[in-house]
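The block underneath contains the structure these notes are about, expressed in structure tokens.
The values are calculated or read from the model by the stated rules, or taken from the named source; none is laboratory data. None of these values were measured; they are calculated from a predicted model. For neighbour counting, all protein chains shown are included, and Cβ atoms are generated from backbone atoms with ideal geometry for every residue, glycine included. Calculation scope for accessible area: heavy atoms of the full protein, side chains included, ligands and nucleic acids excluded. Shrake-Rupley method; radii C 1.70, N 1.55, O 1.52, S 1.80 Å.
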Amino acid sequence: MQTIWLGGAEWLAVLRIGLGLWWLESWRHKDKKGWFERGTGIAWAADVAGKHKWPAVNTGFRTVVAPRPKTMAYVVVYAELAIGLGLVVGFLTPIALVGALLLNLLYLILMIHDWAEQGQNAMMALATLVALFAMSWQSWSLDSAIGLF
């Protein structure tokens, strides 16, 4: 593959690292005290799920998230951190990419009624699919350095 400056595998690594930085920024700007102590993130999601046009979303939320709001707050916040770190350093990259795709799909489904807010999630999901199927861990990654995947 002919490109300017970097080879194809390196450009895919740039995409992977940029996606990881995007996840780290999502983690960084969260009000952790609000999420963990006051439950603001899960309370917001409960409100959105309660008004969702797909009844299965509200049912799923009440079944999985509502009984354990504090645990789920930690899962969401630290999943974003783990995904970001995994993608930036390229460690367990396919697992991080699948996690990123699943989390973005959950965000997309939760906010399906508000497409104006979904540009970021849609672009992150698309970049994740490209990074996953093009095996972006082949360059500039711990996975490549230690022979994983």
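Within segment 24-43, the set of residues being out of contact with any Pro (no Cβ under 8 Å at 6 or more places or on another chain) and within 21 Å of A100 (Cα to Cα) comprises L24, E25, S26, W27, R28, H29, K30, D31, K32, W35, G41.
Here A43 meets each of (1) open to solvent by less than 70 Å² (accessible area, probe 1.4 Å); (2) under 24 Å from A145 (Cα atoms); (3) of a type in the set (A, V, I, L, M, F, W, C) with one exception, condition (2). Taking the criterion of being open to solvent by 50 Å² or more (accessible area, probe 1.4 Å), under 17 Å from M72 (Cβ atoms) and in contact (Cβ under 8 Å) with a residue 12 or more places away in the chain, the only residue of segment 12-31 that qualifies is W27.
Restricting to segment 22-53, name every residue that is of a type in the set (D, E) and either over 19 Å from the mean Cα position of the chain (by Cα) or farther than 29 Å from V88 by Cα (or both). Selection gives E37, D47.
Filtering segment 1-35 to residues that are of a type in the set (A, V, I, L, M, F, W, C), assigned to a helix (DSSP H, G or I), out of contact with any helix residue (DSSP H, G or I) (no Cβ under 6 Å at 6 or more places or on another chain) and over 19 Å from G86 (Cβ atoms) leaves only W11. Within segment 124-135, one or more residues are in contact (Cβ under 8 Å) with a residue 40 or more places away in the chain, aliphatic (A, V, I, L, M) and in a loop (DSSP other than H, G, I, E, B).
Of all residues in segment 87-102, those satisfying the criterion of being part of a helix (DSSP H, G or I) and either closer than 10 Å to L19 by Cβ or open to solvent by 10 Å² or more (accessible area, probe 1.4 Å) (or both) are L87, V88, V89, P94, I95, A96, L97, V98, G99, A100, L101, L102.
Taking the stated definitions as given, is I112 of a type in the set (V, I, T) and loosely packed, with under 15 Cβ neighbours inside 10 Å? Criteria met by I112.
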